[in-house]
1. Taking the Cα centre of the stretch 107-209 as origin and charging only Cβ (+1 Lys, Arg; -1 Asp, Glu), how large is the dipole, in debye to the nearest 20?
2. How far apart, in nanometres, would the label points at H71 and A96 be if each is projected 7 angstrom from Cα along the Cα-to-Cβ direction?
3. Between Y141 and K187, what is the label-to-label distance in nm when each label sits 7 Å out along the Cα-to-Cβ direction?
4. Starting from 0 in steps of 10 Å, tell me what percent of the Cα-Cα pairs of the stretch 87-208 lands in each bin.
5. Could you check the simple spin-label distance between K172 and D118, using points 7 Å along Cα→Cβ, in nm with one decimal?
6. If one computes P(r) from the Cα atoms of the stretch 59-111, what percent of pairs lie at distances over 19 Å?
Amino acid sequence: MKSGYLFWKRIPVLMMVLMLTACTGVTKSDDHTKEEALEAEATSPDSTVADAIETRPAVENFELLTSEGNHSLEAALQHGKGYSLYVFENFTFDAAKGRLSMSNNLGYYVDIEVLPSDYDLEQLEIIGEEELSQFGVMQNYSGELVEHPLVFADLYLQVSGEEGISDYIVWKSEAGDAFLFRLHNPKGEEASDFAGPVLISLSTVQSES
């Protein structure tokens, strides 16, 4: 497995300023009306969901280290079923299938699945081993991933064989939401062009529920 991809994250900083004012001309009824309006706005489910989604910029820049040096790549925010992620140019995201693939060769792809909070890691490992066993000898890279965009994975199974590389990954976002990634990277000229950007995209997956 190749390493060396440097992942850069932009962490938004939220600042709140509380202002207390005392106006002699405001009646108690006016204060009560204002309080009701603020409570209604704060408890509105539509506004809460919209605010959560809007905290992620529509476009972000990420740095990718290649044999030719660092390159800044722009990625657009796209939404799947209950999550969002950043997708680079020359990649296609099918929200219905949860599949991110290279636009010019759909054989290079990764399937994204949202895991329930009570997922069984041991059972997922058994399933992953069964799925990958047909492709060759499996390696287990679970745990800390040095110089890797995902940084850490609860489960990282990989098979590298004559047909290319297949990964089965259970990963948690910073918010603690768990996802399953099934990655297929066939041997070919486009293998390196696929691996770098797609791993960075996966590291930006974030729940919207």
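1. Working: 3 positive and 21 negative charges, 39 e Å.
With Lys and Arg at +1 and Asp and Glu at -1, about 180 debye.
2. Result: 3.2 nm between the two label points.
3. For Y141 paired with K187, the spin-label model returns 1.8 nm.
4. Spelled out per bin, shortest first, that is 13, 47, 36, 4.
5. Each label point is offset 7 Å from its Cα along the Cβ direction, giving 1.8 nm.
6. Working: 478 of 1378 pairs.
Result: 35 percent of Cα pairs exceed 19 Å.
Every number in this text was worked out from the coordinates using simple rules, so none of it is lab data. This structure is a prediction, so every number in the text was calculated from the model and none was measured. Here the Cβ is made from the backbone with ideal geometry for all residues, glycine too, and neighbour counts use every protein chain on show.
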